[in-house]
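Just below is one structure, and these are the notes that go with it.
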Amino acid sequence: MSYADKVFVDMCQDIINTGFSTEGEKVRPKWEDGEYAYTLKKFGVVNRYDLSKEFPALTLRRTAFKSCTDELLWIWQKKSNNINELNSHIWDSWADDEGSIGKAYGYQLGVKHQYNEGLMDQVDRVLYDLKHNPYSRRIMTNLYVHQDLHEMNLYPCAYSMTFNVTGDRLNAILNQRSNDILTANNWNVVQYAVLVHMIAQVSGFKAGELVHVIADAHIYDRHIPLVKELIERKQHPAPEFWINPDIKNFYDFTVDDVRLDNYETGPQIKNIPVAV
């Protein structure tokens, strides 16, 4: 059994059994047919994954590893806000005619700020501190920049990372204001597990814990039957994670420098309705 499967199943059962229903509340999202998209939600869900023990990919169904890694590198390495530099079509609904999602996600990571040590963007600041001051308690990034929210086509969901070194382990906290459990939960977990492995390697550390903090963890009303079927499926052993040991510079990583071996899963769920 994959530990990620256990965490996911327990979380989903808790949301379904004890979650708060937003039906009748003033919600923003709608389905394609115009109906309001209500949810069952839990506030303040915290999940922990020890990356030194196994890689947290669901086996109940396959998480698209290359696609979510590509999106991660689009945000953190390319620091892009243009979907034309992304290989998937996940962000198409939020892009303008030129492909921009506004001053969101990668844009914020690429903005340079003046520090005592010089002019750096947020990613380079993290890499600098892990090299020069690894036991600092101030190593973090933030995408939720209030003065730019009006120029973002989508407010960031996964909005901050806090890095913390314990011995030879690099740990991290991913803060997320909102998480669509069926469509995005393991996608985000896999992405940021990859990021911790990458940054740990180029900084001279081993990957430690990833803590995922979700303010609003929700299952949409039309997703509930799909989730109930998913969490009853057979579980498989966790896959084996491989990262190219020759990469020493974060900006040299490509999607081909990480992979999952022996990744056995249940079938994919097709045609999941998405609320916008």
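The values are calculated or read from the model by the stated rules, or taken from the named source; none is laboratory data. Predicted model only: the values in this text are computed from it and were never measured. Cβ coordinates were reconstructed from backbone atoms using ideal geometry, including for glycine residues, and neighbour counts include every protein chain displayed. Accessible surface areas use protein heavy atoms only, side chains included; no ligands, DNA or RNA. Shrake-Rupley method; radii C 1.70, N 1.55, O 1.52, S 1.80 Å.
Filtering segment 192-228 to residues that are open to solvent by less than 30 Å² (accessible area, probe 1.4 Å), in contact with a Ser or Thr (Cβ under 7 Å, 6 or more places away or on another chain) and over 24 Å from Asn17 (Cβ atoms) leaves Val194, Ala207, Gly208.
Can you pull out every residue in segment 245-257 that is over 19 Å from the mean Cα position of the chain (by Cα) and open to solvent by less than 30 Å² (accessible area, probe 1.4 Å)? If the condition is that a residue be over 19 Å from the mean Cα position of the chain (by Cα) and open to solvent by less than 30 Å² (accessible area, probe 1.4 Å), then Ile247 is the only one that fits.
Filtering segment 128-149 to residues that are in contact with a helix residue (DSSP H, G or I) (Cβ under 6 Å, 6 or more places away or on another chain) and closer than 17 Å to Gln114 by Cβ leaves Thr141, Val145. Residues in segment 202-234 that are within 19 Å of the chain's Cα centre (by Cα) and of a type outside the set (Val, Ile, Thr): Ala207, Gly208, Glu209, Leu210, His212, Ala215, Asp216, Ala217, His218, Tyr220. Within segment 82-116, the set of residues being of a type in the set (Ser, Thr, Tyr) and either open to solvent by 70 Å² or more (accessible area, probe 1.4 Å) or part of a loop (DSSP other than H, G, I, E, B) (or both) comprises Ser88, Ser93, Tyr105, Tyr107. Residues in segment 117-154 that are in a loop (DSSP other than H, G, I, E, B) and either at pLDDT 95 or above or open to solvent by less than 60 Å² (accessible area, probe 1.4 Å) (or both): 12 in all.
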